[in-house]
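Note sheet for the following structure.
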Amino acid sequence: MSGSADTPSGLSALDRPNSYIGRAVPRPNLTRLMQGRGQYVSDMTLPRMGHVVYVRSPYAHARILGIDSTDAKAMPGVIAVVTGAELAQVCTPWVGVLSHLKGLKSAPQYPIAVDRACWQGEAVAAVIATSRAIAEDAAEQVIVDYEELEPVTDMRTALDPETPVIHPDLGDNLAFERKLDAGEVDRAFAEADAVVDAEFVFGRHTGVTLESRSVLADWNAGEGRLTVYQGTQAPHMMQNIFAKHLSLEEAQVRVVCKDVGGSFGIKVHVYADEMATAALSKLLRRPVKFVADRIESFATDIHARDHRCYGKIGVMKDGTITAFEIDDLTGIGPYSMYPRTSAIEANQVVNLVGGPYTAQNYRARARVVFQNKNVTCQYRAVGHPIACSVTEGLVDLAARAIGMDPAEIRRRNLIQDDAYPCGSPSGLKFEALSHHAALNKLLAMMNYDALRVEQAELRQRGIYRGIGLASFIEVTNPSAAFYGVGGARISSQDGVTVRLDATGSVTCQTSITEQGQGSEAITAQVVATAIGVPMERVRVILGDTDNTPYGGGTWASRAAGIGGEAAWQAGKALRNNILAAAATILQADPATLDVVDGVVVDKGTTRQRIGLDEMARITYFRPDTLPPGFQAELMATRHFVPRQYPFAFTNGVQASWLEVDIETGFVTLLKHWVVEDCGTIINPQLVDEQIRGGVVQGLGPALYEHCRYDESGQLTNGNMADYLVPMAAEMPDIEVGHVVSPTLETELGAKGAGEAGTAGAAAAVANAVNDALSPFDVLITEIPLTPELILKELKRF
Amino acid sequence: MIAPVSITLMVNDEHVNAHVSPRTHLADFLRDHLGLTGTHLGCEHGVCGACTVRLDGDIVRGCLVLAVQADGAVVETIEGLSDSGEIADLQEAFRNRNALQCGYCTPGMLIAVQELLRQQSNPSRETIREHLSGNYCRCTGYHAIVDAVEATVRARNGANA
């Protein structure tokens, strides 16, 4: 897209007077949050509100023979006890499939299990009472008669003929399979000087949002309207789904999303217990609130990863990589999640493996199987950590096989920075990436050569430190290619409305949402810059289907790139409307005017002509003084969706410097570096903090985070004490650098940055651990890299 | 269920009389009875630190103290510490450094930081990280929080010099 007509040549559209683009301005909403005056769903109460607690299956797979709620219903304060069969009368089931994932199948899922529980933690009955405590007391009195069924827990045997089929109607436990064969893989391996392979294992983990999933549904029978206060990343998607499954018109549903205590992809899905809560409100004709407790969070928030991926790489003696091959297997629980499905992660793995490199020979297979464990679905950096760990693990293996330095083999194989636009063997289209610039910057930041010298010296003294590198590509700014083409009613465009108010301040409504990333801040920055007003004069409203344009929300690193561009275009449109009105008042040519700092000025000289407050006063209160036939339009709406590229790929590279204690198996992270390229940086501080937070969400699963199930499908560490998340003392300082390659598809040029940190952190750590342990001739390709695992590989345990 | 018990305490400089069920923990009492929802609940088993409040001058986990144990005590929450201005500089440092994202851990984090800074005038980066290890943050990765604490330390020491 070319620059706007009102941009002087030689300057970018962003070069506005007093631009906020690229400035680390603080977020406007922080003060409220720091004073404890945010409003999270878990803080909310409504008159006559009932609290729901779910009775959950203690078995991974069991038939429900009967539910006796007599005693529970008799307890003071209990409003109702509702079974799955009763709720099925109010809420229809759903099936989590998308048509562009050919062959993907799943079974109908009900808000509460009707006759069979398919994972430990699935809700089998709801108890609603006047307080949470009473509901919990009563839930203990609900007697459920179960017939235990054989659970399917090991993904490796899920497809064996002797393994029970979880959903007999589906025929087998294979939810989805994808195969890809590009180039001449067999020939490339045959001609390679070395071929190496390994199996990479990724534990299940989950997002552990500090505020658990919370929803407050309020069916007003008088209005015939359902208002759902929900911590969600996609309010309009939820509006559509509540309406569809509760047999309402969309106009009868309002979804309000206030402050959200962490999300990371956990809160973008349709959860059975949240649908049940909305259905209960309709059934009971009163507000009903559900707040998951921490054990429920571990047992029912979507899990992610849980992949076993075989990988193979061919390499020439000069370092040229000839081919990649993978065979990925993942277990997703008993249902494909709705509506985004649980096949996306495996699909992404196929798409992304080998992505940074020039090798054009690539074969892949991914299989997605059902099992009687909690459901898995899209969590931050969907598929990226797996693809990156497999790719970068293989590249390090190849380097080792030919005796080449890990930085050098990457230099020789990363796609050249002047080779764009180009594509990948899996069909990805790259507009402009900067792998070499990023790698060079990273190596300089970390002082790579000196670090290698230090490492060698320390090794002489029995101190085993490792350096791990990981290049990556990142999917951001998704178009309709992600979900819309598969039939999901998830908006891929976003919209922004801006309005000049009567005092010259600006009210902005955007369809993107805020979960802490800084959506509100960057929207205000972009709008203030586009119009020409101080940022503190812009108030941003988001997270309310009644009060924002229709749009997708905040997920898959789309808010800045897509919602930001909509904000830019809306701001520009309002500026033009302001100039038209001002020109009429001033009897000037609008082309000679501009808006700077809330004042209409002469372009060039910036001589002040009229303040926006005065202009708005005349426009709103004394339009009688304006010429006949002139109508000011001090409100503008614009939408945006990427059309040229299905996704705006970004790139980057990470490095980990760590020490392995070979006596205890403990890994100490000493330092972490990231260089990434998200295009135009709207707010450098917010980008850096997205990267840092993302890195730590990759370091957690690399070393600690793991949902541990036993062979009967019981989650054995579903609490904060036993499920380890990174704490401050264990985390390293993280240095972040940037290369800037704006996307030309938008005037803003911004791409996403939310996945980058998580994408490559585990790969860098795993490569560093193997680098540290290279004197011992061990190779560990499993995460989390626990002390137990490391000592076992070192044969010291 | 055991009948409610009468308690009297000071919360953020206000006298509070209430009847609470003996099993109600302090965080639920503050949130549900007093509407002080700045005290957050992350795990309700004493691990995450989101419910950190001050009880008779010491920081405690609001989910591990029963409301009846606070009978006769002085309780300070994030709302009180914000209004008194005691942590205004720390909050400003968090704001300038974007040391919070979703903000859910932040009230507990700020109270835990202030506790450290009352004990030590010049803690090292490692000491700050160690002290904050009982307060989980899932958004920031901690680096910005440590930076903000360091900035506050520098400013307070500069002001005292």
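Every number here is computed from the coordinates shown, using simple stated rules; none is lab data. The shown structure was predicted, so the numbers you read here are calculated from the model rather than taken from an experiment. Neighbour counts are summed over all protein chains in view; Cβ atoms, including those assigned to glycine, are modelled from backbone coordinates with ideal geometry.
Reducing the range A:385-461 and the range A:239-282 to their Cα centroids gives an inter-centroid distance of 43 Å. Between the alpha-carbon centres of the range A:97-130 and the range B:37-85 there is a gap of 38 Å.
If the only charges are +1 at each Lys and Arg Cβ and -1 at each Asp and Glu Cβ, what is the size of the charge dipole of the range A:93-194 around the Cα centre, to the nearest 20 debye?
540 debye
Straight-line cross-link reach from A:K603 at under 17 Å between alpha-carbon atoms covers these aspartates and glutamates, not counting any fewer than eight positions away in the same chain: A:D6, A:D15, A:D589, A:D594. Using the Cβ-Cβ distance between A:E408 and A:F666 with R0 set to 25 Å, the FRET efficiency works out to roughly 0.25. Per-residue Karplus couplings for the range A:33-44, computed as 6.51 cos²θ - 1.76 cosθ + 1.60 with θ equal to phi - 60°, are listed in order as 5, 6, 8, x, 10, x, 10, 8, 4, 5, 7, 7 Hz, Gly and Pro entered as x. Counting other Cβ atoms within 10 Å as a rough exposure proxy, the listed residues B:C63, B:C51 run B:C63, B:C51 from fewest neighbours to most.
Here the scattering of chain A is modelled by Debye summation over its C-alpha atoms, one equal scatterer each and no solvent; at q = 0.06, 0.09 Å⁻¹ the log10 of I(q)/I(0) is -0.40, -0.88. Karplus-based coupling profile of the range A:586-602, in residue order and whole Hz: 8, 6, 10, 7, x, 5, 8, 10, 8, 10, 9, 6, x, 10, 7, 10, 6, with θ = phi - 60° in 6.51 cos²θ - 1.76 cosθ + 1.60 and x standing for Gly or Pro.
Taking amide H as placed 1.01 Å from N in the peptide plane, A:G331 has its amide H under 5 Å from the amide H of A:V369, each at least 5 places away in sequence or on another chain.
Residue exposure proxy: A:F200, A:F797, ordered by other Cβ atoms within 10 angstrom of their Cβ from fewest to most, comes out as A:F797, A:F200.
With neighbour counts taken as other beta-carbon atoms within 10 Å, the residues A:E730, A:E633 rank, fewest first, as A:E633, A:E730.
Charged side chains reduced to their Cβ positions (Lys and Arg at +1, Asp and Glu at -1) give the range A:681-791 a dipole of some 160 debye around its Cα centre. Under 16 Å Cα-Cα from A:K258, which lysines qualify once same-chain neighbours fewer than 8 residues away are excluded? Candidates past the 8-residue exclusion: A:K267, A:K289. Placing a pseudo-label 7 Å from each Cα along the Cα-to-Cβ vector at A:S774 and A:R156 gives an inter-label distance of 3.0 nm. Summary value for chain A: 16 percent relative contact order, contacts being C-alpha pairs under 8 angstrom separated by 6+ residues. Here, the range B:5-81 is characterised by an Rg to Rh ratio of 0.91, where Rg is the alpha-carbon radius of gyration and Rh the Kirkwood radius. Once C-alpha pairs closer than 8 Å and six or more residues apart are averaged by separation and normalised to the residue number of chain B, the relative contact order reads 22 percent. For chain A, what is the mean residue ellipticity at 222 nm derived from helices alone (per DSSP H run of n ≥ 4: -39500 (n - 2.57); sum divided by total residues; nearest 500 deg cm²/dmol)? Only helices count here, giving -8000 deg cm²/dmol. Using the Cα centre of the protein assembly as shown as origin and beta-carbon charges of +1 (Lys, Arg) and -1 (Asp, Glu), tell me which of A:N351, A:Y723, A:V114 is placed farthest towards the positive end of the dipole. Of A:N351, A:Y723, A:V114, it is A:N351. Database remark: amide H of A:A648 closer than 5 angstrom to the amide H of A:T476, A:N477 (H placed geometrically; neighbours at sequence offset of 5 or more, or on other chains; Pro and chain starts carry no H). Between amide H atoms placed 1.01 Å from N, distances below 5 Å from A:I610 occur with A:V600, all of them 5 or more places distant or on a separate chain. Rounded to the nearest 0.05, the FRET efficiency derived from the C-beta distance between B:A3 and A:Q460 at R0 = 51 Å is 0.10.
On full extension, the segment bounded by A:V453 and A:R63 gains 134.2 nm, given 0.36 nm per residue less the C-alpha separation. For the pair the range B:105-155 / the range A:510-573, the C-alpha centres are spaced 31 Å from each other. Give the dimensionless ratio obtained when the Cα radius of gyration of chain B is divided by 2.2 N^0.38 Å. For chain B, the normalised Cα radius of gyration is 1.06. Look at the alpha carbon pairs under 8 Å that are at least 6 residues apart: their mean separation over the length of the range A:216-272 gives a relative contact order of 37 percent. Dipole size of the range B:5-81 about its Cα centre, with +1 on Lys/Arg Cβ and -1 on Asp/Glu Cβ: approximately 220 debye, rounded to the nearest 20.
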